[in-house]
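Shown next, in C-alpha cells, is the structure this report addresses.
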Amino acid sequence: MDLSSFHDRDAVQRAAKLLLRKAPRRQLTFLHVCGTHENTIARYGLRSLLPDSVRIVAGPGCPVCVTSTCEIDSMVEVAQDHARVFTYGDMFSVPGSGRSLRDARADGADVQVVYSLADAISIARKSPKPSAFFSIGFETTAPLAATTVLAGVPPDFYFQISHRLIPPAMRALLDAGEIRIDGLLCPGHVSTIIGAEPYEPFAREYGIPIAIAGFEPLDVMLALIDLIDQVDSGKPRVFNEYSRAVRWTGNRKAQRMIERVFETCDSEWRGLGTLPESGLRLRDEHRDLDVRNRFDLKPREPAPMPPGCRCADVLLGSADPSDCPLFGDRCTPPTPVGPCMVSSEGTCRIWYTYGGRGRG
Amino acid sequence: MCLAVPGEVEDIQGRNGVVNFGGTRRKVDISLIDELNVGDYVIVHAGFAIERMDEEDARQTLDLLRQLESAEY
C-alpha cells in the first residue's frame, strides 16, 4: 500500500492553496488534543501554510505530560523500595514532585525502558522478580494492557494503571470555557479504538465542528479544510478524514477488552486538576494486579507545576510555549523545567525541536 | 505516545504476527484484531496491531483533494 501521497509536497501545497481561498473572514481557533498531531503540524511547518485567520492550538494531548505527580512519585517509590519498574521511554525522564524514574535508576534502582508491554512480560518471564509496569496512555494504549491482563501475566507482575480518556477531557475543556474553540481536530489513533461515534455529542450538543485526522501533513490539511467548510455552512458534524484506519464504531474487540478489565474513574490530569470519569482503573476481579494492592505505598498529594512554568496553560491550549518566560531559556530538552518539555510528545519539546509557530 | 505505524502482515502464529514496515520486520501482538490474514495491512502501536488499514479508504481520501479542487475552481 503506497501512502506516500499523504506527505507529497505538491498535494500539501494544493491543499494549502485551497485553504487560503477558503480563508475565513473572522478569526477561527481549532484545537487538537494529540501530541502526534502537534508533531506533524510543527515538523512540516503547517502553521506557515494557514491563512492568518486560522489558528491551531494544542490541548492536553500528551499522556506523559498529564500523568499526575502522585503516580510518578509512587512509581519512583516502587523502584527504590520494592520492585523492578518497566516504563515506556517517554515517561522515564519526567519528574514527579522532585525525582524521575531516571533519577531512581541513577541511584541503583532497577528501572527498564521498554518499547512494548509485550517486551516487559517477556523479560519478566525470563528473569523472575517482583515487577511493576507503568501503564500510561490514552484509549490507543489502554487495550494493550487489557489484552495482556486477560492473557495472563507472570507471577509477581503488577500494574500502575494511569490511562486517561480523551472525550471526558474534551468535555471538561469545553465546559471550562477558558478558550473559544471553533472546531476540534480529533486524534486519529485514539479514534481507531473508540471510533468516530463518541464525538457526535460534541457536534450536536456543543455545536462544534469535528474532524478526525490522520498524521500525515495532507491528513491535517484536509481535516482543516473540512472544519472551515463546517463553520461556513453552520452545520457541525463529525468528519472522518482518517477513514483508512477509523471505523464509525471503532475497534469493538479492543473496546470489549477495556470494558472487561477496567472501569472508569475520576482522574487527576497534571496541570488541569481532577476531571470526572476521565481515567481507568482495574476492576475488582483484577485488583490483585494493582501495584497499590501489592505494596504499601505512601499517600501523596499532587504537586504544583514548578514556579514560573506555564505548562498548565499550554496543556489547556490557552498559551503557546513561546508565551512562557522559561521556554528555550531556562527550560530546554536537556534542562526541562515542566513536563511539556520532557516528553517527545510535549508541545514545548516539539516547538523547541521544530519551531512551533512556523512563520517568521 | 499514540504514534502508530502501518505495515504488512507477513506471517501469523497464534496471537503473534510478523509485520513488515518497509523492510523492517517485527513480531507484533495481533490479538486485538479478528480474522487477520497474511497480506493485510495493520497499524501497529507499541508492539500491538490496533486496526486494519484499508487501501480503498486511503484512495478515497486522496481523491478528496481533487474533488475539493473541482468544486472550488
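The values are calculated or read from the model by the stated rules, or taken from the named source; none is laboratory data. These numbers were taken from a predicted model, which means no experiment stands behind them. Every residue, glycine as well, gets a Cβ built from its backbone with ideal geometry; the counts of neighbours run over all protein chains shown.
Which one of B:VAL18, B:VAL28, B:VAL42 is buried (at least 18 other Cβ atoms within 10 Å of the Cβ), more than 9 Å from every other protein chain (Cβ to nearest Cβ), among the aliphatic types (A, V, I, L, M) and within 27 Å of A:ALA142 (Cα to Cα)? Walk me through it before giving the result.
On the way: B:VAL18 fails: buried (at least 18 other Cβ atoms within 10 Å of the Cβ); B:VAL28 fails: more than 9 Å from every other protein chain (Cβ to nearest Cβ).
Unique residue meeting the criteria: B:VAL42.
Scan region A:225-260 for residues that are in contact with a helix residue (DSSP H, G or I) (Cβ under 6 Å, 6 or more places away or on another chain), more than 10 Å from chain B (Cβ to nearest Cβ) and in contact (Cβ under 8 Å) with a residue 60 or more places away in the chain and jot them down.
A:ILE258
In region A:105-121, what count of residues is obtained for those that are more than 14 Å from chain B (Cβ to nearest Cβ) and crowded, with 21+ Cβ neighbours inside 10 Å? Outline the logic, then answer.
The initial filter retains those residues of region A:105-121 that are more than 14 Å from chain B (Cβ to nearest Cβ), namely A:105-112.
Imposing the further condition that a residue be crowded, with 21+ Cβ neighbours inside 10 Å reduces the set to A:111.
Residues in region A:105-121 being more than 14 Å from chain B (Cβ to nearest Cβ) and crowded, with 21+ Cβ neighbours inside 10 Å: 1 in total.
Sort through A:ARG330, A:ARG283, A:ARG294 and tell me the only one that's at negative phi, of a type in the set (Lys, Arg), touching a strand residue (DSSP E or B) at 6+ places or on another chain (Cβ under 8 Å) and without any contact (Cβ under 8 Å) to a residue 60 or more places away in the chain. Step through it out loud before you land on a result.
On the way: A:ARG330 fails: touching a strand residue (DSSP E or B) at 6+ places or on another chain (Cβ under 8 Å); A:ARG294 fails: without any contact (Cβ under 8 Å) to a residue 60 or more places away in the chain.
It is A:ARG283.
Within region A:122-132, track down each residue that is more than 21 Å from A:ILE72 (Cβ to Cβ) and either surrounded by fewer than 21 Cβ atoms within 10 Å (Cβ to Cβ) or among the acidic types (Asp, Glu) (or both). So that I can check it myself, show each step before the final result.
Looking only at region A:122-132, we keep the residues that are more than 21 Å from A:ILE72 (Cβ to Cβ), and these are A:122-129.
Across region A:122-132, the qualifying residues are A:SER122, A:ILE123, A:ARG125, A:LYS126, A:SER127, A:PRO128, A:LYS129.
Would you check which residues across region B:19-47 are β-branched (Val, Ile, Thr) and within 22 Å of A:GLY152 (Cα to Cα) and list them? Lay out the reasoning, then the answer.
Step one: of region B:19-47, the residues β-branched (Val, Ile, Thr) are B:19, B:24, B:28, B:30, B:33, B:38, B:42-44.
Answer for region B:19-47, where residues must be β-branched (Val, Ile, Thr) and within 22 Å of A:GLY152 (Cα to Cα): B:VAL28, B:ILE30, B:ILE33, B:VAL44.
Across region A:164-176, what is the number of residues that are crowded, with 20+ Cβ neighbours inside 10 Å and either modelled with pLDDT under 95 or more than 11 Å from every other protein chain (Cβ to nearest Cβ) (or both)?
Here the count works out to 4.
Could we say that A:ILE208 is within 26 Å of A:ALA16 (Cβ to Cβ), free of Cβ contacts under 8 Å to residues at least 40 places away in the same chain and either out of contact with any strand residue (DSSP E or B) (no Cβ under 8 Å at 6 or more places or on another chain) or within 13 Å of another protein chain (Cβ to nearest Cβ) (or both) here? Outline the logic, then answer.
Working: within 26 Å of A:ALA16 (Cβ to Cβ): yes; free of Cβ contacts under 8 Å to residues at least 40 places away in the same chain: yes; either out of contact with any strand residue (DSSP E or B) (no Cβ under 8 Å at 6 or more places or on another chain) or within 13 Å of another protein chain (Cβ to nearest Cβ) (or both): no.
For A:ILE208, the condition - within 26 Å of A:ALA16 (Cβ to Cβ), free of Cβ contacts under 8 Å to residues at least 40 places away in the same chain and either out of contact with any strand residue (DSSP E or B) (no Cβ under 8 Å at 6 or more places or on another chain) or within 13 Å of another protein chain (Cβ to nearest Cβ) (or both) - is not met.
Considering only region A:318-344, how many residues are of a type outside the set (A, V, I, L, M, F, W, C), surrounded by fewer than 23 Cβ atoms within 10 Å (Cβ to Cβ) and in a loop (DSSP other than H, G, I, E, B)?
Initial filter on region A:318-344 (of a type outside the set (A, V, I, L, M, F, W, C)): A:318, A:320-323, A:325, A:328-330, A:332-336, A:338-339, A:343-344.
Add one more test, that the residue is surrounded by fewer than 23 Cβ atoms within 10 Å (Cβ to Cβ), and what stays is A:318, A:320, A:322-323, A:325, A:328-330, A:332-335, A:344.
So of that shortlist, the ones also in a loop (DSSP other than H, G, I, E, B) come out as A:318, A:320, A:325, A:328-330, A:333-334, A:344.
Within region A:318-344, residues that are of a type outside the set (A, V, I, L, M, F, W, C), surrounded by fewer than 23 Cβ atoms within 10 Å (Cβ to Cβ) and in a loop (DSSP other than H, G, I, E, B) number 9.
Quick check on this structure: which one of A:SER68, A:SER74, A:SER135 is polar (S, T, N, Q), within 16 Å of the chain's Cα centre (by Cα), surrounded by 21 or more Cβ atoms within 10 Å (Cβ to Cβ) and away from every other protein chain (no Cβ under 12 Å)? Step through it out loud before you land on a result.
Values: A:SER74 fails: within 16 Å of the chain's Cα centre (by Cα); A:SER135 fails: away from every other protein chain (no Cβ under 12 Å).
Only one candidate passes the filter, namely A:SER68.
What strands (runs of 3 or more DSSP E), lying completely within chain B, carry at least 2 residues that are free of Cβ contacts under 8 Å to residues at least 24 places away in the same chain? Write out each step before concluding.
Values: elements: B:5-13, B:16-21, B:24-29, B:41-45, B:48-52.
Per the criteria, B:16-21, B:24-29, B:48-52.
So which of B:GLU8, B:GLU35 is over 25 Å from A:VAL113 (Cα atoms), touching a strand residue (DSSP E or B) at 6+ places or on another chain (Cβ under 8 Å), more than 7 Å from chain A (Cβ to nearest Cβ) and of a type outside the set (Lys, Arg)? Walk me through it before giving the result.
On the way: B:GLU35 fails: touching a strand residue (DSSP E or B) at 6+ places or on another chain (Cβ under 8 Å).
One residue alone meets the criteria, B:GLU8.
Among the listed residues A:GLY250, A:GLY271, which satisfies the condition of being on the phi > 0 side of the Ramachandran plot and touching a Ser or Thr at 6+ places or on another chain (Cβ under 8 Å)? Can you show your working first?
On the way: A:GLY271 fails: touching a Ser or Thr at 6+ places or on another chain (Cβ under 8 Å).
Only one candidate passes the filter, namely A:GLY250.
Mind listing whichever residues of region A:341-360 are at pLDDT 90 or above and touching a strand residue (DSSP E or B) at 6+ places or on another chain (Cβ under 9 Å)?
Within region A:341-360, the first condition is being at pLDDT 90 or above, and the residues that meet it are A:341-342, A:346-354.
Those that are at pLDDT 90 or above and touching a strand residue (DSSP E or B) at 6+ places or on another chain (Cβ under 9 Å): A:MET341, A:THR347, A:CYS348, A:ILE350, A:TRP351, A:TYR352.
Output the residues belonging to region A:105-126 that are assigned to a helix (DSSP H, G or I) and closer than 21 Å to A:PRO334 by Cα.
Of region A:105-126, the ones assigned to a helix (DSSP H, G or I) are A:105-106, A:117-126.
Result: A:ARG105, A:ALA106.
Can we say A:VAL54 is away from chain B (no Cβ under 14 Å) and under 25 Å from A:CYS340 (Cα atoms)?
On the way: away from chain B (no Cβ under 14 Å): yes; under 25 Å from A:CYS340 (Cα atoms): yes.
Criteria met by A:VAL54.
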